[in-house]
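*Asks:* Next up is a structure, given as structure tokens.
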Amino acid sequence: MNSACSLTIGEDGCGRLEGALTFASVPGLYHHARDLLENQKSFNSLDLDRVTTADSAGLALLLEWQATQTTPANKLPIRNAPAGLISLARLCEADEFLDLSARSSGQ
């Protein structure tokens, strides 16, 4: 099983995650995102459409990124979250804070 998860930032400012958002991938992804932000490449939303699986480490990373937003108006929109991540966020009572939107039913 591939434990990698990549982050690319489009010209539209959308951060797109692809792969497994898990304990194995989160440390590297965290450092990669930090390097991007230090080089003035920020993202204004996240698209999780290509996330294959996510666990509590992935949830923690999303919580960290959401918490770094400076005001409630700057909330980071997170789209196309996998059902398992939404369930985990609900279980931890973090779903409202993250404001995850689910993948469309056609996927």
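The numbers here are math on the coordinates, done by the rules we state, and not lab data. Keep in mind that what you see is a predicted model, and the values were worked out from it rather than measured. No Cβ is skipped: glycine too gets one built from the backbone with ideal geometry, and neighbour counts run over all protein chains shown.
*Asks:* So which chymotrypsin sites (Phe, Trp or Tyr not before Pro) in the stretch 1-44 pass both tests, a DSSP loop state and at most 14 other Cβ atoms within 10 Å of the Cβ?
*Replies:* Working: sites: 23, 30, 43; in loops: 23, 43.
Those that pass, being in a loop and sparsely packed, are 23.
*Asks:* Using amide H atoms built in the peptide plane, which far-off residues or other-chain residues are under 5 Å from residue 51 H to H?
*Replies:* HN-HN under 5 Å from residue 51: 19.
*Asks:* Antiparallel versus total DSSP beta bridges in the chain: what percent is that, nearest 5? Intermediate results must be reported in sequence, preceding the final value.
*Replies:* Values: 5 of 16 bridges.
For the chain, the DSSP antiparallel bridge percentage is about 30.
*Asks:* While we're looking at this one, here's another question. Per the Cauchy relation, a quarter of the hull surface: what is the mean projected area of the convex hull of the alpha carbons in the stretch 1-95, in nm²?
*Replies:* Numbers: hull surface 23.7 nm².
Taking the Cα atoms of the stretch 1-95, their convex hull projects to 5.9 nm² on average.
*Asks:* GluC sites (Glu not before Pro) within the stretch 1-97: which are DSSP loop residues with at most 10 other Cβ atoms inside 10 Å?
*Replies:* Working: sites: 11, 18, 38, 64, 93, 96; in loops: 11, 93.
Within the stretch 1-97, the qualifying GluC sites (Glu not before Pro) (loop, at most 10 other Cβ atoms within 10 Å) are 11, 93.
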